[in-house]
Amino acid sequence: MRKKMYAAMLGLATVGAMSFATGSASSHGYTEEPTSRQKACSNSGTVKGCGSIQWEPQSVEGPKGFPAKGPADGKICSAGNGGFSALDHHKQPNGNPWPTTKLTGGQNYNFKWKFTAAHATTDFKYYITKDGWNQNAALTRDALEPAPFLTVPYNGQRPPFSFSHSGQVPTGKSGSHVILAVWTVHDTPNAFYACSDVSF
């Protein structure tokens, strides 16, 4: 009898663990192009010392509704997740600048996302830092242009695992900037955040 009860409890625990694992792995994603900080951390040898984000670049999830809501200033790139705080620093853990993607103002660019599982999507929005923003501090709302330079509606549909869309990057920018990509999930209270360092 004890053996049967133990087997039943073990079975329930296994199902529960599988359900939790499935739930935590679903609906996650990050930008591959332009290369996001979490992508750079997960690329072996590119950026080291990032902590747990190197194994789960898809997990930078926080409250949706940016910029009115969402992660606090200074914690935007990590979406407020303490374990991913390396993403909020203005330099990579070894003190060097983050790797950058080179862009030309006004060009059409192919923004690429990688998803570990599809999820119903409201939209994708892209923000960029203002001219003269403080490059030696963590990203804040005040450092960003108030409106996204690109919004891609997705009307509750589910994107494929590898997904891209084309859009024009801002004109008149020069030097180093950060592009903040926000993927708003349609049927949860959350969104996914990705900071990409770029140079014009």
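Among residues that are part of a loop (DSSP other than H, G, I, E, B) and either touching a helix residue (DSSP H, G or I) at 6+ places or on another chain (Cβ under 7 Å) or surrounded by fewer than 19 Cβ atoms within 10 Å (Cβ to Cβ) (or both), Gln135 is included.
Among the candidates Ala117, Ala191, the residue that is in a strand (DSSP E or B), among the aliphatic types (A, V, I, L, M), touching a residue at least 24 places away in the same chain (Cβ under 8 Å) and closer than 21 Å to Glu61 by Cβ is uniquely Ala191.
Only residues that are in a strand (DSSP E or B), polar (S, T, N, Q) and farther than 19 Å from Gln58 by Cβ were counted across region 138-178, and they come to 4.
Please determine, by comparing only the residues of region 88-146 that are of a type in the set (Phe, Trp, Tyr) and at pLDDT 95 or above, which one is nearest to Gly156 (Cα to Cα). The selected residue is Phe124.
Checking Ala86, Ala79 one by one, the residue that is small (Gly, Ala, Ser), crowded, with 16+ Cβ neighbours inside 10 Å and in a helix (DSSP H, G or I) is Ala86 and no other.
Residues are listed down the side, and each one gets a yes or a no for (1) of a type in the set (Phe, Trp, Tyr); (2) modelled with pLDDT under 75:
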position	(1), (2)
Arg2	no, yes
Tyr6	yes, yes
Gly49	no, no
Gly65	no, no
Asn81	no, no
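Remark: pairs (first residue in region 155-170, surrounded by 12 or more Cβ atoms within 10 Å (Cβ to Cβ) and at pLDDT 95 or above; second residue assigned to a loop (DSSP other than H, G, I, E, B) and aromatic (Phe, Trp, Tyr); Cβ separation under 6 Å; 6+ apart in sequence or on different chains) = Pro170/Phe149.
The values are calculated or read from the model by the stated rules, or taken from the named source; none is laboratory data. Just so you know, these numbers come straight off a predicted model, no measurement behind them. Every residue, glycine among them, receives a Cβ derived from its backbone with ideal geometry; neighbour counts consider all protein chains shown.
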